[in-house]
Every structure is written in structure tokens, then in C-alpha cells.
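Notes for the one structure printed next.
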Amino acid sequence: MDAILLQILNGLDKGSAYALIALGLTLIFGTLGVVNFAHGALFMLGAFCAVTLQRLLSLSYETIDETKTDFLGNPLKVKTPYVEGWFGPEVGGAIIDWAVPLSVIIAIPIMVGIGYAMERGLIKHFYKRPHADQILVTFGLAIVLQEIVKYFFGANPIQTPPPDALLGVVNIGAAFGLEIAYPIWRMVYFLFSVAIIGGVFSFLQFTTFGMVVRAGMADRETVGLLGIDIDKRFTTMFGLAAAVAGLAGVMYGPINPPNYHMGMDFLVLSFVVVVVGGMGSLPGAVLAGFMLGILESFASTTWATTTIPGINQIIIYLVAIIVLLTRPRGLMGRKGVMED
Amino acid sequence: MSKFNVTRRGAIKTTAAAGAGLALPTIFTSSAYAITNNPTGGSVTLGFNVPQTGPYADEGADELRAYELAVEHLNGGGDGGMLNTFSSKVLDGTGIMGKKVEYVTGDTQTKSDAARASAKSMIEKDGAIMITGGSSSGVAIAVQGLCQEAGVIFMAGLTHSNDTTGKDRKANGFRHFFNGYMSGAALAPVLKNLYGDDRKAYHLTADYTWGWTQQESIAAATEALGWETVNNVLTPLASTDFSSYIAPVLNSGADVLVLNHYGGNMVNSLTNAVQFGLREKQVNGKNFEIVVPLFSRLMARGAGENIKGIVGSTNWHWSLQDDGSKAFVKSFGEKYGFPPSQAAHTCYVQTLLYADAVTRAGSFAPCDVAAALEGFEFDGMGNGKTLYRAEDHQCFKDVLVVKGKENPQSEFDLLEVVEVTPAAQVTYPPNHPMFGGDEASLGQCNNGA
């Protein structure tokens, strides 16, 4: 029982990242009709916002410690972060410690800006081009972005630890007499994802802007005929989608250390999530994200891998095939969306 | 109505076509090799085939630094580095047999087909007479096979799978780096001292040649101590989140987790294991322990705090205090500003060993060079007395057992050496079952065109 609940939690956790990326992909699909292969790169850029802030906060001045030597036998240069010099070791140390959560604040404007720049600067020129061109240009953009990140940050993973207060595990099954020790930060990530998903849905559901966007997604031409500049709103949605992917990346850093390739690792799976959920369906993307996360988690258990060897590597694609055969529009895809 | 004209079928078809296009092999040609193994001009070209892109690009960059340093030293530049400490004294800083050493580089991308293509291009187009480098056993075995066919010498870089000098050994290929069996043999006694002989081990293993042989070696070595192997789960190389593999460990009754992972896999699996509180856990009345059989300082940096106190093995470490290591660290550190990695060390040594063998043989012909390397005993290269065994072209030398340092003095000071295991303890017969048994053979040396 404990093991099953633990795998469900693991699945929800992994599913959170899939759901957030797939949500952004679907927003862009639904509004602009573009298959954005650079979306994984936006997730990666978000994670590197945290890396960058961590590095900025850790910028240090050097003092020489004559009592110690470095690897060449020279006097050791001791680095002290400027923030610790300015605010004292306690406050300065705490600021560095909370670098990842603080990154959320800077990541939102940065990612919205990157989203705007991407859409206005590149992707909008491809709306009338064949889809192969759109896929190639966004895929190319993803490669360019990850190579830029690799140039500045190297190819190895970089640790972005959570704050000390959120390190460690908590026994969330204690109230029910169960032993389910789960990392605190993973709980934080799941709750954060739920909050973001809730925020995006509320924004679309309860604001005038969101209403117009939904109308535009259903029938872009008619909304345009009403005198509404739907393109501008769709560009904003691209910015929003970029921010959602970016925030997913920022908070993912403490779970697995970011590297330049992490976007590509999630991209293909996120596309499968979108297709399984139903193209253009936001609730479908979220549902499929969590569902596939949980299935993948169970498929990795010892029982599953010994019963059907290799099931952990194919489960997501197997489910995608079954869903597409039985429900060709995906779990929650609607008739008429993305169809001739 | 809506101006959408994306169709699901169209999008999937286009995606598949784009994917297929990107996955096409880099080179289709299979023309006959045209090699010059007898350089006649005033220079000789070496081919450095390292990962310049992809997940091991940082290791590749460090390997390249080491190669550039080796070339500088061979040509008489810099302070000479290990040329001053190497027991063989035939290299005099005038290149190789009086010919200036030049080099070309290739990008393995840590993909076998790309690595073979770049090696082939360096041999055919640039006239490279020796290929060296790499940071993956899959790549090393693939390039070694190509060099055998092409008739050039292959001096392997970082490759730790038993197969490289085991069932896939080749007459034209040589490995200085240690292997999975040696890691197991070196680690086992230390693990017994630290954690006792009554342990239950759970293995997570990267699902490719290196992972398999590594797991087999460690399991055999620890079972010989009395440890029980509770389970071995193969994880896909592309895995990024290992939480669903870690969770079953908690209920398996195991009290040791062995991570047969390298690179990004190791960083992520170790981070996940620590996240799940394994290191604070008590199982069977003992502290739960984690073991990472193959350590690399570059990777340890990625794992950050999580590495502290974790035991593993390594081929070489910059903190060694023998003359060879000190000379190399000084040359490298002064040129680049930081200490070299074990990948850099093995690549530097391999280059000098090749140059030395050519000079001793008095010939660039691969079979003459191979004969000079076979059974060659040397010292002063950072690992103590070393033998290039003739039967399988594997170097036998001391192996370092290391532990993540609790209180690092600097960003490079991540590992501390807990034991130097003597070469005799990690030596095995050439026909050992883990190395292809009696059927494993080097084959015929190929002198090329």
C-alpha cells in the first residue's frame, strides 16, 4: 500500500512537469496553430534563470588565506559572496539559500519577454508557411538556444538546491498510520504546479481577456470580424505559455540538476501528452500529463519491469497508441479542432 | 471560420519525417581506406576524437586540453610535464622521431556512428596516423573496431566497460584507463571494512555495455564478500528522473544502493536518492549506504553536496603526491588555471605512451608500435608501476578508492583518496569469463595501407 501511494506521488510529481509543458504547448497550438518544438527549450531556459540568479547572488570577492594553499601550492584565495559582505553572513546566506524560489519572481518577466521576442521576432513569419517549416524552425531554435546555454554554462548538470528549510523528507502518511516518506521539495513542486494550472484556467475562464482568447481559439475569424485584435492577444498567450514552461523549469531545478539538454528530454514526452490529451484541449493536456506521469512511475516498479521487461521504456508510447486507436482525437479532443 | 489548417495526421507525419531526417547516419560511404602509415614530411598528425558536443562535452573539452598539452610537451614546449618523470627516456622534445607533432580534432558527440565518421574522416582526409579519445565505452568499442579495419592505432580515452579490452578487444586498440572489474576488485575490501560483510545491495544500472559489465563486476566482487544482491534494475540511458526507481528500494529490504550510473545519470540518480532520504535511513539495524563505483570529479561537481561521504573508485586524482602526478598537475594547472580531470590524465598519458612506443619501435607502422606497447612496463605517469599487458592491451596499475570529501577546501577539492589498491589485487587472467573467456582474441594486427 505504502509503495503504491509512493508511486502515485512520484507520478503526480513527474506528471506536474509534463502537464505544465503540455499546457503551454496546447495554448500555443490552440491560439496560433503552431507546433512549437522550442517549448522544451523554454522549460530549460526557466531552469537556467534559477542557475543565473544563483550565480549572480554567489558573485564573490577574493581574500587571500596565507595559512592554506591551492592545488598549485599558492596561497588559497577564499571567496566571500558580495551579498554576505553587504547583509552579513546570516541574511546574505539566507538570500543565496532561497535563490530558487526567488528566481520565480525574475523568471516571469524574463520568460514572458523571451516568449514575446520569439513569437514576434521569428515564429510569426512562419504562420503562412508549411507546417514542416514551422517544425523545422522551432526545432532549429531549440538547438540554438540549448547550444547558447551550453556555451555559457557548460554541458554538465548544475546543482540548484532547494532552501535548507525545504530539504529532506516528510512522512505524509503518518496521519493514516502509513509510512510514506516523500521529499518536501517534490511536494512543493506538485502544489506549485497545481497553483499554476489553476491560475491559467482561472485566467482563461474568469477574465474578459481569457474569454476573448477562448472565443478566438474556437473561431478566430469571427472574433477578428468583431474588431478585436486577436493576434495581439495570441502573442500575449505565447508569452504566458513561455512563462508557464519557464516556471515549471525554475522549480524543477532542485529535483534534477539542470543541464542544457533537459528541454529535449521533456519535449517528446510532452508532445505525446498533448496528443493523448487531445490536441487543443487544455484540460486534456493536464489530465494526460498526470495520467502518463503516474503510469510511467508504475511501469518503473520492480514488479512491472520483471513481469514485462522494458515496459518502463515504452509505456507512454503504448498508451498513446491505444488511446489514438480507440479515441482518435485523444482523451478530451473535440471535433473540429485541428482537423480539416 | 477558423483559419487553422494543421491536421493531427499532418503534424504527426511531418514530425516523423523531421525526426527520421535528423536521425540519418552522418556518413553513408564505405569506400576503401587510404591511409599513410609512413609519414614522409616533417610532421606527423594525430587524431583527437573527443565529445565536443553532447552530454560529455565538458569531459571532451578537458581531454582536448590534455592533448594540446601533450603535443606541446612532445614538441619541446612548456615545462615538459610528465616527460620529466616518465621512466622511459626516449622522448626528447623534438616531436616523434624528429617529426613535429600536429593534430586534428573530431567530435564523437558520444554517438557511435558520429564517432566512427569523425575518426574515419581524420584518417582518410587529414592523414591521422593514430586516433585517441572518447568518453564512452560504446563509442570506444565502435571506434576501436574502425581503427582495426583501417589499420591505425587506437589509444582509448575514458572507457570503463570490461568489453573494451574484453570480448571486444582488438590488436590495434590499447586502453590505459581502468575497467569495471578493477573497480569491483578495488572497492570490495574497502566496502567490507566500512560497511561489513552482511549487506543487501540493490543495483540501479545504466542499460548499455558499460552499465552491464560494471554491475556484473561489482555484484561478483561484493557477493564474494558475503553481500546479497537483492535486485538489479536496468534504467534507460535517457532517464532523467529516477524517483520511480528509487521508491522501490525503500521497500526492498536492501541496505545499500549501488548506482551503476555515469555522467548525467549519476548526478540525477544520486540527487534523487539523497532527496528521498536514503542516507538518513536505517535498514536491518544498519545505516543505509550509497555506492557509486565509478567516480569522476567533473561529475562530482554536478552532484554538489550529495556526493559527500559516498564511496567510489577512480583512475587517477589530481591530489596524488607522486612526481608524475605533481608534474602533470603543475603543467596543466599553470596553463589552464584548474586541475586536470581523470579523463584529461588518461588522454595525456596515452599520447605520451604512443609517442614513446613509436620512438622505441623506430617505426610508425601500427604493428611495430603495438609490439612496442605490448608487455611494456613503465612508471612516473601518476599510477605507479604500470604494465601494458600483451594479451589484451589493458594497463594494469594501482586503482584509487575515493570518497566524497566532507569539508572541501575549494571547488576542485571534492574527492579524497581513501585507499590506493595495488595493481596485483585488481589483476585478472586474460581469459577471465567477464572478459570474453577463452574465445576473446585480439585478432591480427592490421598495418593498414
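Coordinate-derived values only; no laboratory data. Everything quoted here is computed from the prediction, not taken from an experiment. A quick note on method: Cβ atoms are made from the backbone with ideal geometry, for glycine too, and the neighbour counts reach across all protein chains shown.
Applying a 4.7 Å Cβ-Cβ cutoff to the protein assembly as shown leaves A:Cys49, B:Cys147, B:Cys347, B:Cys395 as cysteine residues with no disulfide-compatible partner. Modelled label positions at B:Glu223 and A:Val91, each set 7 Å beyond Cα in the direction of Cβ, lie 6.1 nm from each other.
Dividing the convex hull volume of the alpha-carbon atoms in segment A:2-326 by its residue count gives 196 Å³ per residue. Here is how the number arises for the protein assembly as shown: DSSP H runs of 4 or more residues each give -39500 (n - 2.57), the sum is divided by the residue count, and the result at 222 nm is -16500 deg cm²/dmol.
Largest first and in whole Å, the equivalent-ellipsoid semi-axes of segment B:181-314 read 19, 17, 15, each the square root of five times a Cα gyration tensor eigenvalue.
If Lys and Arg each add +1 and Asp and Glu each add -1, what is the summed charge of the other residues whose beta carbon sits under 11 Å from the beta carbon of B:Pro430? Net charge around B:Pro430: -1.
Karplus-derived 3J(HN,Hα) values for segment A:16-21, using 6.51 cos²θ - 1.76 cosθ + 1.60 with θ = phi - 60°, are 4, 5, 4, 4, 5, 5 Hz; glycine and proline are entered as x. In this simple spin-label model, placing a label point 7 Å from the Cα along the Cα-to-Cβ direction at both A:Leu324 and B:Glu439 gives a separation of 4.0 nm. Volume per residue for the protein assembly as shown equals 175 cubic angstrom (convex hull of Cα atoms). Over all other residues within a Cβ to Cβ distance under 15 Å of A:Phe192, the charged ones net out to +1, with Lys and Arg as +1 and Asp and Glu as -1.
Amide hydrogen proximity for B:Ile290: with H placed 1.01 Å from N in the peptide plane, the residues at 5 or more positions away or on another chain lying under 5 Å are B:Leu257. Beyond 39 Å, how much of the Cα-Cα pair distribution for chain B remains, as a whole percent? Percent of Cα pairs beyond 39 Å in chain B: 22.
Given R₀ = 51 Å, FRET efficiency for B:Lys286-A:Ala117 by Cβ-Cβ distance, to 0.05?
The formula returns an efficiency of 0.40 here.
Summing Lys and Arg as +1 and Asp and Glu as -1 over all other residues whose Cβ lies under 12 Å from the Cβ of B:Tyr348 gives a net charge of -2. Partners of A:Lys124 within straight-line reach, counting aspartates and glutamates whose Cα lies under 20 Å from its Cα and excluding those fewer than 8 residues away in the same chain: A:Asp133, A:Asp219, A:Glu221, A:Asp229, A:Asp231.
Bins of 10 Å, beginning at zero and ending with the bin holding the largest distance: percent of Cα pairs per bin for segment A:1-56, please. All Cα pairs, binned at 10 Å, distribute as 21, 33, 29, 16, 2 percent. In the structure shown, do any of B:Lys100/B:Lys385; A:Lys77/B:Lys326; A:Lys150/B:Lys308; B:Lys170/B:Lys200 have a Cα-Cα gap over 32 Å, and if so which? Beyond 32 Å: B:Lys170/B:Lys200. Residues B:Asp62, A:Asp164, B:Asp163, A:Asp70, arranged from fewest to most other Cβ atoms within 10 angstrom of their Cβ, appear as A:Asp164, A:Asp70, B:Asp163, B:Asp62.
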